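I have placed the structure first, in the form of structure tokens, so that the comments after it can refer back to it.
The values are calculated or read from the model by the stated rules, or taken from the named source; none is laboratory data. Worth saying up front: this structure is predicted, and the values here are computed from it rather than measured. We place every Cβ from the backbone using ideal geometry, glycine too, and count neighbours over all the protein chains shown. All accessible areas refer to the heavy atoms of the entire protein, side chains included, with ligands and DNA or RNA removed. Shrake-Rupley method; radii C 1.70, N 1.55, O 1.52, S 1.80 Å.
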Amino acid sequence: MSGLKDDFQRGIDYLRLSITDRCNLRCVYCMPPSGVVPSTHKEILRYEEIIRIVGIGAGLGVKKVRLTGGEPLTRKNVSFLASSLKKIRGIEDLSMTTNGTFLERHAQELADAGLDRVNISVDSFKPDRYREITRGGSLDSVMRGIAAAEKAGLTPIKINVVPVRGVNDDEVSDFARLTLSTEYHVRFIEFMPSGDNDYWSPEKYISTEELKGKIETIAPLVPVRIRKNGPSRYFRLGDARGVVGFISAITHHFCADCNRLRLTSDGKLRPCLFSETEIDLKTALRNGGSDAELERLLRLAIKVKPEGHNIGDALARKGPLALSGRQRRPMAKIGG
Ligand code: SAM
Ligand code: SF4
């Protein structure tokens, strides 16, 4: 089965799971300095609840699952969750987005549990700047985490970078150059307005077009097609070993190719990152809801998935961002 089609003929086969809203870092663009108020243990879904939902999703055609957060590796025994999810019939691809700081310790056990790949978020290769952006993180631990992930075969290693003007935009070319000597996929994510953090502003935002201009001073960006790459667009710099990707959530409205649903750490299905619509699965789970009832709710989430968002239009008009277009929930609670 290739994923249930929504009303706009998009096959939905990808589920992103925020397994915790806790994080050991406080990236300036993601969280306020004090962090987000973490959910209590009872509020977040238990592993068996997550596994049950993924099982029902797989029956509807979900093939790809990503573990994210908050920082997924702040939750205990993630390898158990990974191995349980990988055993579900129909789940072909299991990945994780992580800040990498705990990967050195966990990469091998995660690979052994069946995790296929990791995306590691690094916004600067300058230790002092990295510490400032993350409000205290150690670049050294991330670098050891990347090395451990490579050694464990969690490849291709994908590096996520959020370029922010005046903060790390002078490193964009250095990040792209990394693909000349490694097989990494270096992916630039457009900086999005998010949640209860007022750090975002139109001045700090850098469009994909502008990023491409900076990178093309190294060599022309040649488009490459990567199977199952969803809304990311990939390019190679000449005969580079790795690839450069762009995730243009704002300008390029990747909505037409959007194949995903998100499950928040507290058990709400979000059909779209930029819409406040949420379908409550936790109440059904904890009130003895049957598999048929959970399946109905999953189908409902697909049914109400909006065709798109209009954040890029508001930016192009230089108008204020409509509040309805900003996610009121912080990214760490939704699962970026
Ligand atoms: N803690 C993990 C990490 O940092 O990779 C996983 C969760 S984090 C919310 C997932 C991704 O969302 C990271 O790559 C992060 O850079 C990105 N992100 C967070 N806030 C963002 C924002 N406002 N705009 C664009 N990307 C953002
Ligand atoms: Fe934590 Fe990831 Fe958000 Fe940074 S981007 S604060 S590492 S959840």
- Message: Going residue by residue through the range 85-98, is there one that turns out to be more than 14 Å from ligand 1 (Cβ to nearest atom) and touching a residue at least 40 places away in the same chain (Cβ under 8 Å)?
- Response: yes
- Does the range 43-94 hold any residues that are assigned to a helix (DSSP H, G or I), under 23 Å from residue 155 (Cβ atoms) and within 16 Å of ligand 2 (Cβ to nearest atom), and which are they? 72, 73, 78
- Item | the range 220-257 - residue that is over 25 Å from residue 94 (Cα atoms) and among the β-branched types (Val, Ile, Thr) and, of those, modelled with the highest pLDDT | 222
- Evaluate the range 133-141: report whether one residue or more is within 18 Å of residue 241 (Cβ to Cβ) and crowded, with 17+ Cβ neighbours inside 10 Å. no
- Mind listing whichever residues of the range 142-151 are hydrophobic (A, V, I, L, M, F, W, C) and either open to solvent by less than 20 Å² (accessible area, probe 1.4 Å) or farther than 25 Å from residue 116 by Cβ (or both)? 142, 146, 149
- Can you find a residue in the range 57-65 that is within 15 Å of ligand 1 (Cβ to nearest atom) and either hydroxyl-bearing (Ser, Thr, Tyr) or open to solvent by less than 30 Å² (accessible area, probe 1.4 Å) (or both)? yes
- Note on the structure: Filtering the range 115-132 down to residues that are of a type in the set (Phe, Trp, Tyr) and open to solvent by 20 Å² or more (accessible area, probe 1.4 Å) yields 125
- Residues of the range 79-103 being closer than 20 Å to residue 62 by Cα and in contact with a strand residue (DSSP E or B) (Cβ under 9 Å, 6 or more places away or on another chain), in sequence order, are 81, 82, 85, 86, 88, 91, 92, 93, 94, 95, 96, 97
- Query: Hey, among the residues in the range 161-187 that are near ligand 1 (Cβ under 10 Å from one of its atoms) and open to solvent by less than 10 Å² (accessible area, probe 1.4 Å), which one's nearest to residue 123 (Cα to Cα)?
  - Reply: 161
